[in-house]
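As structure tokens, the structure follows; a few thoughts come after it.
The values are calculated or read from the model by the stated rules, or taken from the named source; none is laboratory data. In this text, all values refer to a predicted model and were calculated from it rather than measured experimentally. Cβ coordinates were reconstructed from backbone atoms using ideal geometry, including for glycine residues, and neighbour counts include every protein chain displayed.
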């Protein structure tokens with residue numbers, strides 16, 4: 001699988017947002033996140049199970065065994 | 001694991017995953033319509049000898065088919081195993097195989113061209129990757145097992161053109177560092193053949209006849225023999241190729257020791273890329289026990305590596321982002337380390353198979369597997385502010 005390659009130049013201090021140097025200004029990337037300090041506890045809604053390091057990351061269940 | 005159809009006129013339209021159970025199968029989802037179908041299903045359940053079990057790998061081949069393999073093989077020192085499993089399968093018509101509805105019968109799979117590619121020696125499979133020259137890398141998932149490479153006999157260009165069968169014949173090698181006697185060894189490596197160019201076991205290799213009468217080369221037990229000794233690694237799991245400029249690197253997760261290795265495929269050197277001494281970007285201290293059981297690997301559009309754990313959802317099941325700022329193959333430089341990118345809250349479950357859509361930069365998928373509730377899921381991850389579309393079919 002070929003993927004485009006962009007060089008990332010990141011400035012980091014503990015707890016600050018990690019951001020890739022965007023080829024397109026304003027475009028959110030998967031590398032734009034704040035590292036979570038701990039693992040997530042149990043969820044009550046298994047259709048939304050993931051805690052991300054960026055609230056802008058959206059999740060939805062598209063297939064499940066019970067369906 | 002997960003893959004889309006990465007080639008062809010409808011590339012990116014269908015999402016494939018597999019069932020890692022005692023009665024395995026292949027699932028296809030039409031991302032345009034949302035229709036999800038099982039397109040191949042094991043005709044019986046383990047322990048029956050006709051069972052197909054523990055499909056884990058799910059990969060699209062460069063020539064446009066879908067492959068999966070059984071994460072199940074047996075250790076039988078000196079004689080080889082007669083287990084029916086450890087096989088690699090190719091679904092040759094993944095886009096047209098009809099959906100299976102109703103009870104599974106012997107005729108249910110009639111429309112699927114699902115082939116056991118027996119030229120690939122038997123292992124407990126997981127990670128499978130192809131390099132730019134067409135060599136296929138795979139592993140044996142066992143604490144103290146090896147890394148393998150298969151090179152097809154047919155010229156790769158002919159395979160890509162549809163004029164040759166990749167798995168018709170080829171040679172398999174095992175990775176060896178030094179004399180192969182040092183577990184978890186790093187440094188320069190060589191590839192030691194265990195088959196000839198047609199896939200037949202070399203003299204002394206263990207060729208077994210399984211309980212179904214199928215004759216195969218037993219990779220695991222052969223490469224424990226002195227003549228074919230491969231270097232043992234602590235439970236190899238997933239593999240992921242990274243291409244940087246004109247060079248290729250192969251990452252390998254090693255679950256038992258909580259490490260990720262990196263192979264320089266051109267220089268033929270293997271080194272540790274990440275371990276529990278790697279800095280946690282959230283704290284500035286070593287990640288320590290926070291990094292546990294790395295299993296799957298994934299690469300995003302920027303070439304960043306993600307490490308997916310096989311741990312306990314709702315307790316400590318995480319996906320780590322590897323920050324290699326200068327892309328020199330280690331995480332030791334200023335500002336480098338591992339950052340906890342996501343964490344799974346479904347009790348009893350594990351993340352499986354994070355996969356970034358090669359045609360849409362703002363989309364990815366991950367499976368939530370083996371939950372206590374029994375309701376396995378595929379989760380789609382979307383970025384709110386999506387960048388440019390990278391060139392697949394789209395609705």
- Message: Conditions first: (1) at pLDDT 95 or above; (2) under 25 Å from residue B:358 (Cβ atoms); (3) more than 18 Å from the chain's Cα centre (by Cα). Residue A:42 passes all but one, so which condition is the exception?
- Response: (2)
- Can you tell me which residues in region B:336-361 are part of a loop (DSSP other than H, G, I, E, B) and either at pLDDT 95 or above or facing another protein chain (nearest Cβ under 7 Å) (or both)? B:336, B:345, B:346, B:347, B:348, B:349, B:357, B:358, B:359
- Determine whether region B:95-107 contains at least one residue that is surrounded by 20 or more Cβ atoms within 10 Å (Cβ to Cβ) and closer than 30 Å to residue B:31 by Cα. yes
- Out of region B:279-290, which residues are more than 11 Å from every other protein chain (Cβ to nearest Cβ) and touching a strand residue (DSSP E or B) at 6+ places or on another chain (Cβ under 7 Å)? B:286
- Item | Test: residue in region B:32-39 that is within 14 Å of chain A (Cβ to nearest Cβ), at positive phi and more than 19 Å from the chain's Cα centre (by Cα) | yes
- Task: Output yes when any residue across region B:324-335 is at negative phi and part of a strand (DSSP E or B), and no when none is.
- Result: no
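Just to verify a result, which residue in region B:269-278, among those that are in contact (Cβ under 8 Å) with a residue 60 or more places away in the chain and surrounded by 19 or more Cβ atoms within 10 Å (Cβ to Cβ), is farthest from the other protein chains (Cβ to nearest Cβ)?
Among residues in region B:269-278 that are in contact (Cβ under 8 Å) with a residue 60 or more places away in the chain and surrounded by 19 or more Cβ atoms within 10 Å (Cβ to Cβ), the one farthest from the other protein chains (Cβ to nearest Cβ) is B:270.
Strands (runs of 3 or more DSSP E) wholly in region B:149-268 with at least 2 residues that are in contact (Cβ under 8 Å) with a residue 40 or more places away in the chain and buried (at least 19 other Cβ atoms within 10 Å of the Cβ) - which ones?
B:170-177, B:215-217, B:236-244, B:247-254, B:259-264
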- Message: So, residue B:327, is that one within 27 Å of residue A:37 (Cα to Cα), surrounded by fewer than 19 Cβ atoms within 10 Å (Cβ to Cβ), at the interface with another protein chain (Cβ under 9 Å from one of its Cβ atoms) and touching a strand residue (DSSP E or B) at 6+ places or on another chain (Cβ under 8 Å) or not?
- Response: yes
